[in-house]
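Structure first, then comments.
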Amino acid sequence: MTITIRGYRPTDQEDLYEVCNRTADAGEDARPRIGDPLLMPILFAGPYAALEPELAYVLDDGGSTAGYLVATADTVQFAHRFRAEWLPGLAGRYPPLGRPARTPAEELVGLLHDPQRMVLPALDRYPAHFHIDLLPDYRGRGYGRALVGHLTADLRTAGVTGVHVGMVTANTAARQFYDRLGFHVIPVPDPGPLTYLGTRLQPREEDTP
Ligand SMILES: CC(C)(COP(=O)(O)OP(=O)(O)OC[C@H]1O[C@@H](n2cnc3c(N)ncnc32)[C@H](O)[C@@H]1OP(=O)(O)O)[C@@H](O)C(=O)NCCC(=O)NCCS
């Protein structure tokens, strides 16, 4: 069966959420730690696919979803739309805590109500960001590089000048991947558990007037 990278379709949502859960704990299954199987996907996969489907890509292994890359071209606008368009459908199920989080799941609820956390002045020159996750059997075979290649090509065409990713610093495998792709560390004050990496996107000659 041929493995292809294709654009996301709304019918992929269930698979997207499944792959997200199976990979979201620095590449491992997040469900044992988080419990609630909706929290990771509604933060790190669903809103991107819903709000910017043109920048959502699926690794399709003959009808089964083996991985994905979801993105926004404009983090500032994405944070705004997350609050205005995505959160209202979820806030009833996950109301704000009103107190410090006591569990990993509650920490995610806190993130859900704080989309503005994504907007950091240090990232101004890297307005796009993305999340990428592949099931274990599909790693190390060039698909991650290919998915990022699709994204950067589409971002360049759209005139976007830079892209960043916020990765859990403990995820050393992902860090090696981004290093190989030429991403560099973007210094961010108080980054918490994350390391921010980015790359500038020069326009291709054929795109310049
Ligand atoms: C991180 C991830 C997206 C990388 O995709 P991938 O398909 O495995 O990576 P590729 O096969 O395209 O590798 C691209 C380059 O990175 C290198 N690389 C990838 N993973 C690596 C690792 N664990 N250690 C060292 N190098 C690595 C490859 O050797 C390759 O180098 P080359 O092309 O210069 O020879 C994928 O492994 C994954 O989904 N991991 C689990 C979820 C995750 O951590 N997501 C990222 C969260 S920020």
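Bear in mind that the values in this text are calculations on the coordinates, not laboratory data. Only a predicted model underlies this, so the values are computations on that prediction, with no experimental measurement involved. Note that each Cβ is placed from the backbone with ideal geometry, even for glycine, and that neighbours are counted across all protein chains shown.
Tally the residues that are surrounded by 17 or more Cβ atoms within 10 Å (Cβ to Cβ), within 14 Å of the ligand (Cβ to nearest atom) and either under 22 Å from Glu85 (Cβ atoms) or not hydrophobic (A, V, I, L, M, F, W, C) (or both), restricting the search to the stretch 28-40. Looking only at that region, the number is 1.
Give Asp154, Asp124 a once-over and let me know the one that is more than 17 Å from the chain's Cα centre (by Cα) and either over 26 Å from Thr65 (Cβ atoms) or surrounded by fewer than 21 Cβ atoms within 10 Å (Cβ to Cβ) (or both).
Exactly one of Asp154, Asp124 is more than 17 Å from the chain's Cα centre (by Cα) and either over 26 Å from Thr65 (Cβ atoms) or surrounded by fewer than 21 Cβ atoms within 10 Å (Cβ to Cβ) (or both), namely Asp124.
Taking the listed residues Ala71, Ala105, the one that is in contact (Cβ under 8 Å) with a residue 12 or more places away in the chain and under 30 Å from Gly142 (Cβ atoms) is Ala71, with no other qualifying. The residue pairs whose first member lies in the stretch 20-34 and is free of Cβ contacts under 8 Å to residues at least 60 places away in the same chain, whose second member is more than 9 Å from the ligand (Cβ to nearest atom) and among the polar types (S, T, N, Q), and whose beta carbons are closer than 6 Å, counting only pairs six or more residues apart or on different chains, are Ala30/Asn21; Arg31/Asn21.
The residues on offer are Asp12, Asp25, and the sole one that is touching a Lys or Arg at 6+ places or on another chain (Cβ under 7 Å) and surrounded by 16 or more Cβ atoms within 10 Å (Cβ to Cβ) is Asp25.
If you check Val188 against the conditions, is it surrounded by 19 or more Cβ atoms within 10 Å (Cβ to Cβ) and more than 9 Å from the ligand (Cβ to nearest atom)? Lay out the reasoning, then the answer.
Details: surrounded by 19 or more Cβ atoms within 10 Å (Cβ to Cβ): no; more than 9 Å from the ligand (Cβ to nearest atom): yes.
Answer is no for this residue.
Val163 satisfies every condition listed in (1) within 27 Å of Leu39 (Cα to Cα); (2) surrounded by fewer than 21 Cβ atoms within 10 Å (Cβ to Cβ); (3) in contact (Cβ under 8 Å) with a residue 12 or more places away in the chain except (2). Kindly establish whether Tyr68 is among the aromatic types (Phe, Trp, Tyr), outside any helix (DSSP H, G or I) and over 22 Å from Gln116 (Cβ atoms). Spelling it out, Tyr68 is indeed among the aromatic types (Phe, Trp, Tyr), outside any helix (DSSP H, G or I) and over 22 Å from Gln116 (Cβ atoms). When Asp114, Asp124, Asp74 are checked against the criterion of being away from the ligand (no atom under 16 Å from the Cβ) and over 19 Å from Leu197 (Cβ atoms), Asp114 stands alone in meeting it.
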